[in-house]
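Only one structure is covered here, and it is reproduced in the block below.
The values are calculated or read from the model by the stated rules, or taken from the named source; none is laboratory data. Not measured: the values here are computed from a predicted model. Cβ sites come from the backbone with ideal geometry, for glycine too, and all protein chains shown count toward neighbours.
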2 protein chains.
Amino acid sequence: MNQENPLLEAFKETEYQIPGHGKRDISVLKEALETIDGQLESDVYGNGKVIEDFQEKIAKYLGKESSVFFPSGTMAQQIALRIWCDQKSLQKVAYHPLCHLEIHEEDGLKKLHGIEPILLADKERVITLKDVVNMKEEISCLLLELPQREIGGQLPEYEELAAISNYCRDKGIKLHLDGARLFEILPFYQKTAEEICSLFDSVYVSFYKGIGGIAGAILAGPKDFTDESKVWKRRHGGDLISLYPYIISANYYFDQRVNKMEQYYEEAKELAALYNQCYCVKTVPLEPVSNMFHVYFTVPKNELEPILRELYNETGIGLTGSLREVSNSECYFEVNIGDQYTKIPSERLKKVFFSLDKRLRESRIQV
Amino acid sequence: MNQENPLLEAFKETEYQIPGHGKRDISVLKEALETIDGQLESDVYGNGKVIEDFQEKIAKYLGKESSVFFPSGTMAQQIALRIWCDQKSLQKVAYHPLCHLEIHEEDGLKKLHGIEPILLADKERVITLKDVVNMKEEISCLLLELPQREIGGQLPEYEELAAISNYCRDKGIKLHLDGARLFEILPFYQKTAEEICSLFDSVYVSFYKGIGGIAGAILAGPKDFTDESKVWKRRHGGDLISLYPYIISANYYFDQRVNKMEQYYEEAKELAALYNQCYCVKTVPLEPVSNMFHVYFTVPKNELEPILRELYNETGIGLTGSLREVSNSECYFEVNIGDQYTKIPSERLKKVFFSLDKRLRESRIQV
């Protein structure tokens, strides 16, 4: 057993895992490549059928004039903000305090691009029109992340979103969508990707969240914007001679899963309800608005870990591989529904939550 | 036929191609993956067996304390220079006027890192100790590219290299190796990679030149340097959730080809001699010092193209897919020897050069 991470180890050893599409192993790439003729030519520095076809397909899906494939969203989004800032000669943007650029990118936006971010809204909720209207400083671009991942994947109502979009257009503020999980929110809004993206000047989407590819992202927008993004892609070192391993897998799993987002969403609601029936457990959001949510336990992390490990051993079903501490008395984990969930026999699933509830009650009474 | 690029089209249709390892198609990745068990876990954001093992293997091969896998050399090298500049609080480096960072990266070094390059030496020759000693400005880091690709892959003598290294150490100038083709020069120097790299503080090597992988690079140096490079890798958007498609292929083709560099080097000398026997043709260098060289023709590009196309059709052997214009009366192309060369029957090879010589003489007499 991996002594460093016994929960992860116990999770991996279960027969069924609730979240995700399955193990991130080499077979994910192998499966995608099996569908492709070996004679297909590699893309070469952003050119060639394999990359151009995919860029055209996704641009069309998003309802944008043009799109560019990037190795990562980190690269794509910094570049999007840089282009909008340069266009207005104002190196200021606004985004949520828990935006990916603020907490996961080692300040790349500031250190590579000299762009200053204004943090909007509280950490616990999504950005509203009021936050944008009340902003005192002038900005070039507002970034909205839909859903707001770090708070369990919350969303504003569509009308709020449309109002923010209108306000930004009136004020000459570019609106950029961090759509890392755009596919996943369409069932909640009951809108097409094109309808959502029409509210934004530029859009980034990811292919290894709900889609389950290997890595990679698309940045979409007007042609002059995407043309400029290719220059910056080269500057960042992202214009690889060959990106096809990511493109082929993105395309393969996009076709396989883009129409399953409604199913994942319904399953997320079902699963969240099961969690919420357990003692000391609450999901955020209470009812998911996509395939994801967070599960909070008013139990110390070091007490919950052995409970979960025993649960996995008993039931053969894994809930999560890692817990994050909120405080001495609270911890949480993230759930993303993918292809795994539906494989679990429903009577076994009910048994897991019955047992989890029981174990939590017993542990709290002992305390 | 591809009307936009008839020479490339004619080249692709030949039975044998002289340069390279073969077509850059998907089968290159498929072949590498066939050797790998599908259950092997993906690397995850720079961690995991697949990336750590390879980094350790290459660090050892280069004789460096530590190494980091990067999606591209563009990213790795900008980051190396940034770290050395930050360490000295002096945003100035020196390199050759035809350095990759100067001519192929859209000024990423300047626009992302605010680093000013001093251009050393003339465009036609490699950097000498004298160039370094005579430099008036203070710099943090000197970058040497071995071999200097854009002038046909030229090299300084080893003693000159060692003298530059000593001088830089004395003066507190960090020395960085652009070793995109490091493996390829070892037979000329009759040194190990470790011996060459010991002259440098940091080293970048590429896995899709002589090695023939899909893409990817390694940056090697002291542990604190490579640790810092990981932070910048994330800032650049290069810390992908999975880099294994590049790592697996880099490792596979490294094992297959790293010991074939002597063969490629001998073949390059043989082939250059065949070119140099032709009318109006001269290679740079006259005798190659690695697997690469440039072939210059004192013939206008638009006159040479149909001659080559006819030659390919007649002999079934392709010399190059593209010509670059030097002036109205001169053009050139680059040759890199790989696995293809040795497959060509030698009598057919001789016939090609006999025919090329004849065609060039006839065409020049007509003029």
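Data table
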quantity: Condition met for B:VAL68 (over 18 Å from the mean Cα position of the chain (by Cα) and either closer than 25 Å to B:ALA250 by Cβ or small (Gly, Ala, Ser) (or both)); calculated: yes
quantity: Qualifying residue in segment B:58-66 (condition: modelled with pLDDT of 95 or more and farther than 28 Å from B:GLN263 by Cα); calculated: yes
quantity: Residues located in segment A:106-126, provided they are within 14 Å of chain B (Cβ to nearest Cβ) and closer than 20 Å to A:ARG149 by Cβ; calculated: A:GLU106, A:ASP107, A:GLY108, A:LEU109
quantity: Extreme residue, farthest from the other protein chains (Cβ to nearest Cβ), among residues of segment B:14-42 that are within 23 Å of the chain's Cα centre (by Cα) and free of Cβ contacts under 8 Å to residues at least 24 places away in the same chain; calculated: B:LYS23
quantity: Count of residues meeting criterion [basic (Lys, Arg) and surrounded by 21 or more Cβ atoms within 10 Å (Cβ to Cβ)] in segment B:46-82; calculated: 2
quantity: Count of segment B:331-347 residues which are more than 17 Å from B:PHE297 (Cα to Cα), assigned to a strand (DSSP E or B) and hydrophobic (A, V, I, L, M, F, W, C); calculated: 1
quantity: Any chance A:TYR296 is surrounded by fewer than 22 Cβ atoms within 10 Å (Cβ to Cβ) and assigned to a loop (DSSP other than H, G, I, E, B); calculated: no
quantity: Test: residue in segment B:317-329 that is in contact with a Gly (Cβ under 9 Å, 6 or more places away or on another chain) and of a type outside the set (S, T, N, Q); calculated: no
quantity: Contacts under 7 angstrom Cβ, first residue in segment A:233-250 being at the interface with chain B (Cβ under 7 Å from one of its Cβ atoms) and without any contact (Cβ under 8 Å) to a residue 12 or more places away in the chain, partner among the β-branched types (Val, Ile, Thr) and outside any loop (DSSP other than H, G, I, E, B), 6 or more apart; calculated: A:GLY237/B:THR74
quantity: Residue under evaluation A:THR74, criteria (1) closer than 29 Å to B:LYS30 by Cα; (2) more than 9 Å from chain B (Cβ to nearest Cβ); (3) of a type in the set (S, T, N, Q), criterion not met; calculated: (2)
quantity: Test for B:ASP43: is it surrounded by 17 or more Cβ atoms within 10 Å (Cβ to Cβ) and not aliphatic (A, V, I, L, M); calculated: yes
quantity: Options A:LYS111, A:LYS60: the member that is under 28 Å from A:VAL289 (Cβ atoms) and of a type in the set (Lys, Arg); calculated: A:LYS60
quantity: Helices (runs of 4 or more DSSP H) completely within segment B:134-246 that count 2 or more residues being buried (at least 18 other Cβ atoms within 10 Å of the Cβ) and either touching a Cys at 6+ places or on another chain (Cβ under 6 Å) or among the charged types (D, E, K, R) (or both); calculated: B:223-236
quantity: Unique match (being more than 22 Å from B:GLY22 (Cβ to Cβ) and in a helix (DSSP H, G or I)) among B:GLU362, B:GLU267; calculated: B:GLU362
quantity: Yes/no for A:LEU101 being buried (at least 19 other Cβ atoms within 10 Å of the Cβ), outside any helix (DSSP H, G or I) and in contact with a strand residue (DSSP E or B) (Cβ under 7 Å, 6 or more places away or on another chain); calculated: no
quantity: Residues being at the interface with chain A (Cβ under 9 Å from one of its Cβ atoms), assigned to a strand (DSSP E or B) and farther than 18 Å from B:LEU182 by Cα - total across segment B:45-71; calculated: 0
quantity: Which numbered condition A:CYS85 fails, given (1) within 12 Å of chain B (Cβ to nearest Cβ); (2) surrounded by fewer than 23 Cβ atoms within 10 Å (Cβ to Cβ); (3) among the hydrophobic types (A, V, I, L, M, F, W, C); (4) touching a Lys or Arg at 6+ places or on another chain (Cβ under 8 Å); calculated: (1)
quantity: Test: A:ASP339 is within 14 Å of A:VAL295 (Cα to Cα) and modelled with pLDDT of 95 or more; calculated: no
quantity: Leading residue by the ranking (surrounded by the most Cβ atoms within 10 Å (Cβ to Cβ)) among those in segment A:273-292 that are touching a residue at least 40 places away in the same chain (Cβ under 8 Å) and more than 20 Å from A:SER329 (Cβ to Cβ); calculated: A:ASN291
quantity: Enumeration of residues in segment B:311-347 that are within 10 Å of B:GLN17 (Cα to Cα), surrounded by fewer than 21 Cβ atoms within 10 Å (Cβ to Cβ) and in contact with a Ser or Thr (Cβ under 6 Å, 6 or more places away or on another chain); calculated: B:GLY316
quantity: Hits in segment B:337-367 (condition: of a type in the set (Ser, Thr, Tyr) and under 23 Å from B:GLU287 (Cα atoms)); calculated: B:TYR341, B:THR342, B:SER346, B:SER355
quantity: Odd one out for B:PHE11, checked against (1) within 29 Å of A:TYR208 (Cα to Cα); (2) crowded, with 19+ Cβ neighbours inside 10 Å; (3) within 14 Å of chain A (Cβ to nearest Cβ); calculated: (1)
